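Quick notes on the structure that follows.
The values are calculated or read from the model by the stated rules, or taken from the named source; none is laboratory data. Note that this is a predicted model, so its numbers are computed, not measured. Every residue, glycine as well, gets a Cβ built from its backbone with ideal geometry; the counts of neighbours run over all protein chains shown. Only protein heavy atoms, including side chains, enter the accessible area calculation; ligands, DNA and RNA are left aside. Shrake-Rupley method; radii C 1.70, N 1.55, O 1.52, S 1.80 Å.
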Amino acid sequence: MNTPPPSPSGAGRTDGSSVQIGALVPLTRPGWVEAGRHLLAGFELAVREVNDAGGIAGRPLELVVRDTAADPQRAAAAVDELAGLGVAAVAGEYHSVVARAAAARADALGLPFLCSSAVLDALTEQPTDWVARLAPAQSHGWQIYADFLLGAGHSRIAVAAQSSVYWASGTRILRDCLAPRGGTVLELDMAALAPAAVGDELVAHRATALLLLVGHPEPAVPIVRAVRRDPRLAEILIGAPAGQPEFAEWATLLGDDGAAIPFLRYLPERLGPLGARVEAALRERLGEAPSFVAYEGYDTVAVLADVLRSHGVDRARIAESWPRVDVEGTRGQIRFSRTPGISVWQWAWTPVQVVDRDPAEPDRFRILHAG
């Protein structure tokens, strides 16, 4: 296990200037821009509240934002840059393959990284003390999704998948969860299959559910349109465990076709007083209902602010503090632990829901299953 070495020169500022946190966010395509906007809104709201309450030992907290554009190499370069600028820690990222690149670089540099939203189990190749994560591991959330599928009577599952470590991991988790209980998973390679041809494959293999393990809006939106318009597939369930329908853009692009597509969301059934207050503030900031990603952003800064107040800006001390974190978050009390099969300090577990958009009112979400 990599243990924190002495903090390098410039790891934290001691001249009375701001305490800086690097923020990795997808803000341009091909990144999921809407997710990035919500993540950043959560960051910014929490930073404002920290500073309104006196900052970090009287010093203002400052975000140094870098756009990853869903590019792992760009994210790794941003971590190098932020380390050189003297940030106390790095936070954020939505895309799992990008977060993995950032985590590897942060680990190599001895820079604390609190991952906000990426779920890939293998965030680092080897166990590390430098990285902690708020989002639930993919194996945890997707097993809950598999339980939902079986409970709803679906055992013949097709996945429309693109080539990616994240999608391949998701397919493997589903297969491992479903196979012992008589379920099957058919993989449709979307590099070789046009959206209009998906229906033929579903009919040929008698699938009762199709899961979208693909990017948004392409090819997810064309696949949904093609399946919805195929009269042979009127009874098939379309699902999106990665959460594509969470954001308003989904409903804008698909309208009624985008409803009744279950996805994973990391929220409790009811928010507590802190969560409700933050929800109202995020709604005002975003001009729309906040997604779970916005809460992840807020909780990330809440954790780092608590650590910085208690342990200062030395990078090694920050990394050593992960197992002592005990912070009220918007979605529950946040504590980190070592979890079997997970290489980073993990909040086990964020509340997990399977939800969809109500066909009768697509702006309203229905909770279908919780784990």
| field | Flag if residue 287 is modelled with pLDDT of 95 or more, in contact with a Gly (Cβ under 9 Å, 6 or more places away or on another chain), farther than 24 Å from residue 260 by Cβ and open to solvent by 10 Å² or more (accessible area, probe 1.4 Å) | value | no
| request: Go through (1) within 13 Å of the chain's Cα centre (by Cα); (2) more than 23 Å from residue 297 (Cα to Cα) and name the single condition residue 97 misses. | output: (2)
| task | Answer yes or no as to whether residue 217 is within 30 Å of residue 117 (Cβ to Cβ) and in contact with an Asp or Glu (Cβ under 9 Å, 6 or more places away or on another chain). | result | yes
| said: Consider region 261-274. How many of its residues are more than 18 Å from the chain's Cα centre (by Cα) and buried (at least 19 other Cβ atoms within 10 Å of the Cβ)? | reply: 1
| If you check 104, 57, which single one turns out to be under 30 Å from residue 163 (Cβ atoms) and open to solvent by 30 Å² or more (accessible area, probe 1.4 Å)? | 104
| field | region 141-171, residues that are of a type outside the set (Ser, Thr, Tyr), open to solvent by less than 50 Å² (accessible area, probe 1.4 Å) and in a loop (DSSP other than H, G, I, E, B) | value | 154
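I need the full set of residues from region 62-95 which are of a type in the set (Val, Ile, Thr) and within 16 Å of residue 33 (Cα to Cα), in order please.
The answer is 65, 68.
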| request: Looking for whichever is within 13 Å of the chain's Cα centre (by Cα) and surrounded by 18 or more Cβ atoms within 10 Å (Cβ to Cβ) here; the options are 45, 63, 39. Which one fits? | output: 39
| Residues in region 296-307 that are open to solvent by 10 Å² or more (accessible area, probe 1.4 Å) and either touching a residue at least 24 places away in the same chain (Cβ under 8 Å) or not in a helix (DSSP H, G or I) (or both): how many? | 2
| Mind checking which residues of region 172-212 are acidic (Asp, Glu) and outside any strand (DSSP E or B)? | 176, 200, 201
| field | Test result for residue 215, of a type outside the set (Ser, Thr, Tyr), within 23 Å of residue 259 (Cα to Cα), surrounded by 14 or more Cβ atoms within 10 Å (Cβ to Cβ) and at pLDDT below 95 | value | yes
